[in-house]
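Only the coordinates and a few stated rules stand behind these numbers; no lab work does. Everything numeric here is computed off the predicted structure, so don't read it as measured data. Heads up, the Cβs are rebuilt from the backbone with ideal geometry, glycines too, and the neighbour counts pull from every protein chain shown.
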Amino acid sequence: MSGTSETSPVASRAATGPSVVVAGGGTAGHIEPAMAVADALRRLDPSVTVTALGTERGLETTLVPERGYRLELIPPVPLPRKPSKDLLRLPGRVVRSVRRTREVLEETNADVIVGFGGYVALPAYLAAGKGLTRRRRRVPVVVHEANASAGIANKIGARVAARVLAAVPGSGVAARGASDAEVVGIPVRDSITGLDRAALRAEARAHFGLPADGPVLLVFGGSQGARSLNEAVSGAAEALAAAGISVLHAHGPKNTLEVAQLNPAAPYVAVPYLSRMDLAYAAADAAICRSGAMTVAEVSAVGMPAVYVPLPHGNGEQELNAKPLVRAGGGMIVADADLTPQFVADTVVPLLGDAARLSVMGRSAADAGHRDAADAVARIVLEVAKGLGVSGQSERSEGGR
């Protein structure tokens, strides 16, 4: 399946432009860095052709075509976390997915694969090996690990990668012979890295129906919301209103949240979803949010002080994601169980009332971020793609392009 065009991906690309395949489907945490790098690749080399791999189950079926990139679907390969019947089906699923991925690599005449982890990346890493019928060569791989603790797919990909990149040191992946990955940060889209919050503040507040003056607290728990955040902050509505703090709260499309308007000068604006995160960041003075890798990257990129509430399950990676930023002074971490209405009243309300402290935290957050990560990754991808040199061109010729 092609997400954006009916023309052949080979025919539609410039004859001399690099062909890049990005593998980062499934969740927004994998897709958004992939799309940020795709945008950066186009900026750095307009002749480049980018093809995204995905599955029919992932958010990429919507997000990738919206960004103007071709999407090729492959069979999903979910990795079972526990012994089950799915584990027995895994080898067959891998074979089918790798076979289809190799077809995509052939069709696009891929010069490089850049993977961002998850169940789309694993087949790409495995398909990059020898055995492509026309090309008869290995497609070089660049791996990017966004989390502080690497997943299985990227650990496998790192074994064959030409370059291994990571958001933070000590993620658990490295190229062969290296002690750690190259630390570049997390690629974030231009609308976030280039955001001037102060310049956009008036427009942003008007967009959400927030007052032009006074502190605003932004609350969001990812694309689906987070019940614990919803309950804690809405439960502190009286304390927030009494302090003159307005709230912009994305509670999630499957949740409902009705909060009494206790102070007309400091409204509590509850919405299912925020489609304009740039305006949300510009409108707010601080945030309460989860600490997924992409969230931490965006919040720090815009210089937003934040209270990070890591997911209480998993392998603890969300807390690890936020720790470097907290150590730099750009935020604080509170356990999910400790996020209560009382905590919001006792800790968050005084923070929103301290403009000097917010300013210091905001600068610390911005200094700890990597605003140029997308361009840095894109440059490395192009270096690897163009590193094929004369031998790469001869192999293309043998393929009968």
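For this structure, a couple of remarks:
- Simple point charges give the picture: +1 on the Cβ of Lys and Arg, -1 on the Cβ of Asp and Glu, and for the stretch 191-368 a dipole about the Cα centre of about 220 debye.
- Solvent-free Debye scattering, log10 I(q)/I(0), computed from the Cα coordinates of the stretch 348-387 at q = 0.23, 0.29, 0.31 Å⁻¹: -0.75, -0.89, -0.94
- Cα point-scatterer Debye curve for the stretch 290-396, base-10 log of I(q)/I(0) at q = 0.13, 0.17, 0.21, 0.23 Å⁻¹: -0.58, -0.82, -1.08, -1.21
- With R₀ set to 56 Å, the beta-carbon distance separating Ala356 from Arg176 gives a calculated FRET efficiency near 0.70.
- Evaluated on the chain, the Kirkwood hydrodynamic radius is 22.1 Å, with distances taken between all distinct Cα atoms.
- Square roots of 5 times each gyration tensor eigenvalue, C-alpha, the stretch 191-368, largest first, Å: 21, 19, 16
- Look at the dipole of the chain built from charges on Cβ: of Val216, Ala199, Gly292, the Cα furthest out on the positive end belongs to Gly292.
- The chain: calculated mean residue ellipticity at 222 nm from DSSP helix runs of at least 4, using -39500 (n - 2.57): -12000 deg cm²/dmol
- Multiplying the residue separation of Val94 and Ala198 by 0.36 nm and subtracting their alpha-carbon distance yields 32.6 nm.
- Scalar couplings 3J(HN,Hα) for the stretch 147-164, obtained by applying the Karplus form with A = 6.51, B = -1.76, C = 1.60 to θ = phi - 60°, are 8, 6, 10, 5, x, 4, 4, 6, 5, 6, x, 4, 5, 10, 6, 6, 9, 10 Hz; x denotes Gly and Pro.
- Highest mean packing first, where packing is the average number of other Cβ atoms within 10 Å per residue, the peptides 264-272, 228-236 line up as 228-236, 264-272.
- Mean Cβ neighbour count within 10 Å, used as a protection proxy, ranking 301-312, 100-111 highest first: 301-312, 100-111
- Here the dipole of the chain is about 1900 debye; that uses its Cα centre as origin and unit charges on the Cβ of Lys and Arg (positive) and Asp and Glu (negative).
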